[in-house]
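*Asks:* Got a structure here, written out as structure tokens. Questions coming.
The values are calculated or read from the model by the stated rules, or taken from the named source; none is laboratory data. Remember, it's a predicted structure, so these values are computed and weren't measured experimentally. FYI the Cβ positions are ideal-geometry reconstructions off the backbone, even for glycines, and counts take in every protein chain you see. These area figures cover heavy atoms from the full protein model, side chains too; ligands, DNA and RNA do not enter into them. Shrake-Rupley method; radii C 1.70, N 1.55, O 1.52, S 1.80 Å.
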4 protein chains.
Amino acid sequence: MQFASDNAGPAHPAVLEAMVSVNEGYASPYGADEVTERVTARLREIFEAPEAAVHLVATGTAANALALATLAEPWQAIFCTPVAHIHQDECNAPEFYSGGAKLALVGEGDRMNPESLRAAIAAEESRGVHGPQRGPVSITQATERGGVYDVGEIAALGEVAHGFGLKLHLDGARFANALVALNASPAEMTWKAGVDAVSFGASKNGCPGVEAVILFDPEKAWEFELRRKRGGHLFSKHRYLAAQMEGYLADDLWLKSARQANAACARLADGLRSLAGVDFLQEPRANMLFARMPRAMHRRLHEAGARYYLWEGTLEGDDPEEPLTARLVCDWAIGEDEIDRFVGIARG
Amino acid sequence: MQFASDNAGPAHPAVLEAMVSVNEGYASPYGADEVTERVTARLREIFEAPEAAVHLVATGTAANALALATLAEPWQAIFCTPVAHIHQDECNAPEFYSGGAKLALVGEGDRMNPESLRAAIAAEESRGVHGPQRGPVSITQATERGGVYDVGEIAALGEVAHGFGLKLHLDGARFANALVALNASPAEMTWKAGVDAVSFGASKNGCPGVEAVILFDPEKAWEFELRRKRGGHLFSKHRYLAAQMEGYLADDLWLKSARQANAACARLADGLRSLAGVDFLQEPRANMLFARMPRAMHRRLHEAGARYYLWEGTLEGDDPEEPLTARLVCDWAIGEDEIDRFVGIARG
Amino acid sequence: MQFASDNAGPAHPAVLEAMVSVNEGYASPYGADEVTERVTARLREIFEAPEAAVHLVATGTAANALALATLAEPWQAIFCTPVAHIHQDECNAPEFYSGGAKLALVGEGDRMNPESLRAAIAAEESRGVHGPQRGPVSITQATERGGVYDVGEIAALGEVAHGFGLKLHLDGARFANALVALNASPAEMTWKAGVDAVSFGASKNGCPGVEAVILFDPEKAWEFELRRKRGGHLFSKHRYLAAQMEGYLADDLWLKSARQANAACARLADGLRSLAGVDFLQEPRANMLFARMPRAMHRRLHEAGARYYLWEGTLEGDDPEEPLTARLVCDWAIGEDEIDRFVGIARG
Amino acid sequence: MQFASDNAGPAHPAVLEAMVSVNEGYASPYGADEVTERVTARLREIFEAPEAAVHLVATGTAANALALATLAEPWQAIFCTPVAHIHQDECNAPEFYSGGAKLALVGEGDRMNPESLRAAIAAEESRGVHGPQRGPVSITQATERGGVYDVGEIAALGEVAHGFGLKLHLDGARFANALVALNASPAEMTWKAGVDAVSFGASKNGCPGVEAVILFDPEKAWEFELRRKRGGHLFSKHRYLAAQMEGYLADDLWLKSARQANAACARLADGLRSLAGVDFLQEPRANMLFARMPRAMHRRLHEAGARYYLWEGTLEGDDPEEPLTARLVCDWAIGEDEIDRFVGIARG
């Protein structure tokens, strides 16, 4: 009963097989190999963006920090929510890679809207050379709290950003989970909605460690390559990085895995919804949910070996009815039986 | 006939199998898994360094830049040779990660000696707050020109560095190749000879992408972890990184592969040595050699499909006897027949 | 009628005379001169801190950024209020000098209290290597909104910071104005209340451009010197920088000037207080006040040539009674007649 | 007998008077004052560059580091000589401000020539994304060893730099001394010879602390302003910085002072030249000379209280005839009697 993180789950066997399948003979290093060429073409096709710059790195933090450093100047503010992964969970990687840019917080929760974004941008307007200058906007899709922006919501944010001459970055660590939740195309969820750059995550959804950074305007492609190299993120035996992504994209594995994870999460939500004393911080749409559950319920689950983060509260405490918030994440590999067992124990 | 780089060669199948073998169920992310625990213990054992801090990253540039940033202050000079990989081939990664340290060049070729090191350190002495301050020393073993420092030579450099209160870093992108050439133990070639930190390379010798940074004094282990995280080099599904290293170390695969590569290189050297008009920049000891060969010989090889870097000179030119320098690198996978074929064509 | 900023006012003639008085013959450069020696001793005496490290720079942003970079690691968060000068008005200088630290915002206005500080620090606790680590706390005295922390309030913040093992920095761009408002000694307002480092401002209170950074624990004095040098903030003809500070401190000029500015501000406040439709965002205690005044009043003042910032609202607008917020700053040179004239025009 | 450095000398009284003369009433801060406007116009006039961006800072290191950071990308190499002030005497300020650029050394002494520059640039050509990319070229005029580039020599270097698409920066810490030595106009010695950016020094030649950075192409003027601000180098009471420069330029004071210093140096050179056992590292042309003088001569001077740097060698030693190298610098204030006394003591 593993709901701690989609980072804890296994890689999809097909992805490892793809790595094995390219392990033959010699290949030009540093991304000049044929696997990289194929996977670049495939990503451009998937995104309907034949000109886009596509680069692979191994971690989501690298993808985000390199993308933002390419979009932002050191004296700018990058706009994001207070719970953004780039703000809370990357140990200042964006500040490091950008050479000292500031993260300016928008709104209060896991998502921004045009009003809160406009207000935050406007607040950075009047101090001339003294204040940080306005820089790119970064949103997370699906969000860090399991939310999903609709395509129209992204487009509205893109309009605000572009209205100020700013770029829009999308942290897609759970890109596929959001995509299948929306039933949209990659192009619709990104550049057609005003997104300028994407961190296209694959690790959480079944790869050992690979992400793509996609710059729809390739003007800064070479700058990105130099930043990747001096960040130590250019792989010498690059074909193995590319092979992961190739396996991930082949036969729509990425979409199937995301659908499995989302379906598992929906099953879990349905099960929990029926229990007395349980409610959700927001209606789950992708593969992560935040549920308030009574302390006694948590204790039962904990004793039975269930693994997940207690987001708020502690198991210790006198009141067995006090609601404590759980973060529950499903990955592609979680079984229906595990979910049913979890719900059964929660029911008591 | 692939002699361009050990970065072009395949991964060893056993290493990929090791990745597959850990692909079962859930594991704590970010290095808190059992594979990482095992491989950390194994590296401490191999290095006879039970207290050492051991961290994995995916690329050699990351290993070097993170190690040096941990050892150096931004206002210091890092001492290295003019052909050091950290100076020539990392697109300023050490400067980036260290926050602006300077690389001060020692001597003229691929190796420093106590005199040239002492002179370079002494030259940074007299300007108080104005000059860069003295920082760590970094050597490469095997060197970028295929040379190998003997254990005593390393110890002599360590003595100079420590005499000035400076740390000694060893860039071991080809650690195993040097080790088996010396017939030394890892401890003898490192901390027993005064080395404080090692970039322990594995990618060039048969892994898809993994290196270990070993700090023999663990005092800065936590700082290193923070630097790795904010550099985007901490893998979420860390077990796959660790599994590569585990497979690499198991059954002495790393030593066997290095011996194979060195033996291949020796066979190549022996073959070329017998040819008229061929000589070596220095006597090859590991898996890389630099040979001067007549232009006509290069042309024959080129036409036959041999792949390697022409280090100096061009195939175009009037004089068929003019010597042009080739860099020839052997990896673990190169076959004896390939080498013999290469020598045969060279012979003409 | 100049109330725009104490940065707009003249230097005190005695300070310029002090510069002229040292302009004789040769003096060792880079701070090894006698004037620097004297002024360092004098500041240690004034602060009752014979061991303190004392360094001069020319601007407040340099003082703050260098002090914070010396106290903070690049992977840490620096705690400050949302209106802190270091956050809003230094174009990311603290991020730049620290190598990418993050500014974490405490509370909502211009001052923090133990509860809001404790909450902000606690919020950075639970993410291990992923989140930014806790770093120093920085408060501004007098605050950016004209407030003054009482000595006990500073001590309470110092206690919270030290309880977490964190350092406390005080941005004293208007140090003297706060000090005379509190009728405290420099030691009482700083190290006796738990302050570890001070940016001791002098420019706003009558110098062309000089500030002192005082580190009560001199352990990092040499690091500070190296940071100052590589920041380009070490003056060659340092005696002229030191002479400014010497003139500023001589005969208690700094305290007298601050008392003049505060008295001017109190006179202005008293005058405005008596007018219908005027009130203050907070009770003014130093040399800066924020007053809400009807639009018509602003218009009269504007037409009469008064200079100050409209903090909120615009002169254009239909409603002559709508309250608009003015920031009014007095410096040592402002005359009573100017203030009375201003109040008279405001009265209408 | 002060020949240690032109940093040790006094400011010219007229410069301090200029500061006093602007100390009246209120002025817009941060460079929006009339003095700054006037001095900007004056510098544009002097350089015959009506479009140039002109910015003031207080130190030469700030001028150089900000100029180079504006011209260079973090992944580039900045070309300079091994004895360049930016390389040896700024504690890695260029590396810091540029975000980690590398300084690539050209030639062997204090000056580069087209061949050595071309060779150094060419050496950074062949490693694609791996090596540092080619960045700006920086020369020092007058050089750190008292040499002066002729206008044609600068033009030849400019041609090489521009041929590679690179910018040319001139570190003019002793700009005026070189200018009067050449009898050239500021335009001839800079943009007409291909110089793109100048650090126009004034501190060494009679100011307490002011330098101008001049970018002949104003395209990056706003970027420079942001870099200056976040570097803490934008003065609030900017009129005092500007007044120094205004006083320095008025009535050709800057040229007169430089001529005085150069004449003093020539008198010193003539005196020393006549002595047995004295010779010069290069023929002195500006206000600094390097002379080899017997140890006994140094001892006599030292005992008589002469102050200068012993560049090579020590006063202690057995052989009274052994030549030791002195660096002797003259500033505008040095008197003929002092020089004659120095030469007299040297003569013995």
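*Asks:* Taking B:Met293, is it in contact (Cβ under 8 Å) with a residue 12 or more places away in the chain, within 14 Å of chain A (Cβ to nearest Cβ) and not basic (Lys, Arg)?
*Replies:* No; evaluated as a whole, the condition is false for this residue.
*Asks:* Residue pairs, Cβ under 9 Å, 6 or more apart or interchain, first in segment B:250-261 and within 18 Å of B:Glu45 (Cβ to Cβ), second among the charged types (D, E, K, R). List them.
*Replies:* Short answer, once both residue conditions are applied: B:Ala250/B:Arg42.
*Asks:* Take segment A:329-348 and flag every residue that is open to solvent by less than 70 Å² (accessible area, probe 1.4 Å) and under 25 Å from the mean Cα position of the chain (by Cα).
*Replies:* A:Val329, A:Cys330, A:Asp331, A:Trp332, A:Ala333, A:Ile334, A:Gly335, A:Glu338, A:Ile339
*Asks:* Here are B:Leu56, B:Leu66: which of them is within 12 Å of another protein chain (Cβ to nearest Cβ), out of contact with any Asp or Glu (no Cβ under 9 Å at 6 or more places or on another chain), buried (at least 24 other Cβ atoms within 10 Å of the Cβ) and within 15 Å of B:Gly172 (Cβ to Cβ)?
*Replies:* B:Leu66 is the lone residue from the list that is within 12 Å of another protein chain (Cβ to nearest Cβ), out of contact with any Asp or Glu (no Cβ under 9 Å at 6 or more places or on another chain), buried (at least 24 other Cβ atoms within 10 Å of the Cβ) and within 15 Å of B:Gly172 (Cβ to Cβ).
*Asks:* Among the helices (runs of 4 or more DSSP H) contained in segment D:170-266, which hold 2 or more residues that are more than 14 Å from every other protein chain (Cβ to nearest Cβ) and open to solvent by less than 10 Å² (accessible area, probe 1.4 Å)?
*Replies:* In segment D:170-266, the matching helices (runs of 4 or more DSSP H) lie at D:175-182, D:186-189.
*Asks:* Further question: On the given criteria, is A:Gly163 in contact (Cβ under 8 Å) with a residue 24 or more places away in the chain and either open to solvent by 30 Å² or more (accessible area, probe 1.4 Å) or in contact with a strand residue (DSSP E or B) (Cβ under 7 Å, 6 or more places away or on another chain) (or both)?
*Replies:* no
*Asks:* Quick check on segment A:101-120. Is at least one of its residues more than 16 Å from A:Ala161 (Cβ to Cβ) and among the basic types (Lys, Arg)?
*Replies:* Looking for residues that are more than 16 Å from A:Ala161 (Cβ to Cβ) and among the basic types (Lys, Arg), one finds at least one in segment A:101-120, hence yes.
Let's see how each residue does on (1) over 14 Å from the mean Cα position of the chain (by Cα); (2) under 20 Å from B:Ser98 (Cα atoms):
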{"site": "D:Thr70", "(1), (2)": "yes, no"}
{"site": "D:Trp75", "(1), (2)": "yes, yes"}
{"site": "D:Asp89", "(1), (2)": "no, yes"}
{"site": "D:Tyr97", "(1), (2)": "yes, yes"}
{"site": "D:Leu103", "(1), (2)": "yes, yes"}
{"site": "D:Pro114", "(1), (2)": "yes, no"}
{"site": "D:Ala123", "(1), (2)": "yes, no"}
{"site": "D:Pro132", "(1), (2)": "yes, yes"}
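*Asks:* Does segment C:294-307 contain any residue that is farther than 18 Å from C:Ala269 by Cα and not in a helix (DSSP H, G or I)?
*Replies:* Scanning segment C:294-307, I find at least one residue that is farther than 18 Å from C:Ala269 by Cα and not in a helix (DSSP H, G or I), so the answer is yes.
*Asks:* Does segment D:90-110 hold any residues that are in contact with a Lys or Arg (Cβ under 8 Å, 6 or more places away or on another chain), of a type outside the set (Asp, Glu) and assigned to a loop (DSSP other than H, G, I, E, B), and which are they?
*Replies:* Within segment D:90-110, D:Cys91, D:Asn92, D:Gly100, D:Gly109 qualify.
*Asks:* Note down all Cβ pairs under 6 Å where the first residue falls in segment D:195-209 and is farther than 9 Å from D:Pro10 by Cα, the second is of a type in the set (Phe, Trp, Tyr) and open to solvent by less than 10 Å² (accessible area, probe 1.4 Å), and they're at least six residues apart or on different chains.
*Replies:* D:Phe200/D:Phe175; D:Gly201/D:Phe175; D:Ala202/D:Tyr248
*Asks:* Taking segment D:329-339 only, how many residues are assigned to a strand (DSSP E or B) and modelled with pLDDT under 95?
*Replies:* So the count comes out to 0.
*Asks:* Filter segment A:310-328 down to the residues that are under 21 Å from A:Gly344 (Cβ atoms), open to solvent by 10 Å² or more (accessible area, probe 1.4 Å) and either part of a strand (DSSP E or B) or not assigned by TED's automatic domain parsing to the domain that holds A:Cys265 (or both) and list them by number.
*Replies:* Scanning segment A:310-328 gives A:Leu310, A:Pro323, A:Arg327.
*Asks:* Same structure again: Collect the residues in segment C:71-121 that are among the β-branched types (Val, Ile, Thr), closer than 19 Å to C:Ser199 by Cα and surrounded by fewer than 24 Cβ atoms within 10 Å (Cβ to Cβ), keeping them in residue-number order.
*Replies:* Result: C:Val83, single match.
*Asks:* So which of D:Ala250, D:Ala264 ends up being small (Gly, Ala, Ser) and farther than 30 Å from D:Pro29 by Cβ?
*Replies:* D:Ala264
*Asks:* Sticking with this structure for a sec: Among the residues of segment C:36-53 satisfying the criterion of being of a type in the set (Gly, Ala, Ser) and buried (at least 18 other Cβ atoms within 10 Å of the Cβ), which is farthest from the other protein chains (Cβ to nearest Cβ)?
*Replies:* Only one residue fits best here, namely C:Ala49.
*Asks:* Looking only at segment A:268-287, count how many residues are out of contact with any Leu (no Cβ under 7 Å at 6 or more places or on another chain) and either buried (at least 17 other Cβ atoms within 10 Å of the Cβ) or assigned to a strand (DSSP E or B) (or both).
*Replies:* 8
*Asks:* If A:Glu34 passes every condition in (1) under 12 Å from A:Ala242 (Cβ atoms); (2) outside the structural domain of A:Ala187 (by TED's automatic domain parsing) but one, which one does it miss?
*Replies:* (2)
*Asks:* Also, quick follow-up: Residue under question is C:Ala155, and the condition is that it be modelled with pLDDT of 95 or more, open to solvent by 10 Å² or more (accessible area, probe 1.4 Å) and in a helix (DSSP H, G or I); does it hold?
*Replies:* yes
*Asks:* Another question, then. Does segment A:1-35 hold any residues that are of a type in the set (Ser, Thr, Tyr), open to solvent by 20 Å² or more (accessible area, probe 1.4 Å) and facing chain B (nearest Cβ under 8 Å), and which are they?
*Replies:* The answer is A:Tyr26, A:Ser28, A:Tyr30.
*Asks:* For B:Phe290, only one of the following conditions fails: (1) open to solvent by less than 30 Å² (accessible area, probe 1.4 Å); (2) part of a loop (DSSP other than H, G, I, E, B). What is its number?
*Replies:* Of everything listed in (1) open to solvent by less than 30 Å² (accessible area, probe 1.4 Å); (2) part of a loop (DSSP other than H, G, I, E, B), B:Phe290 misses just condition (2).
*Asks:* What residue, among those in segment A:122-152 that are in a helix (DSSP H, G or I) and within 21 Å of C:Trp311 (Cβ to Cβ), is most open to solvent (accessible area, probe 1.4 Å)?
*Replies:* Taking the candidates together, the pick is A:Ala123.
*Asks:* Any residue in segment B:118-138 that is at the interface with chain D (Cβ under 9 Å from one of its Cβ atoms) sitting within a Cβ distance under 6 Å of a residue that is open to solvent by 50 Å² or more (accessible area, probe 1.4 Å) and in a loop (DSSP other than H, G, I, E, B)? List the pairs, counting only those 6 or more apart or interchain.
*Replies:* The qualifying pairs do not exist here.
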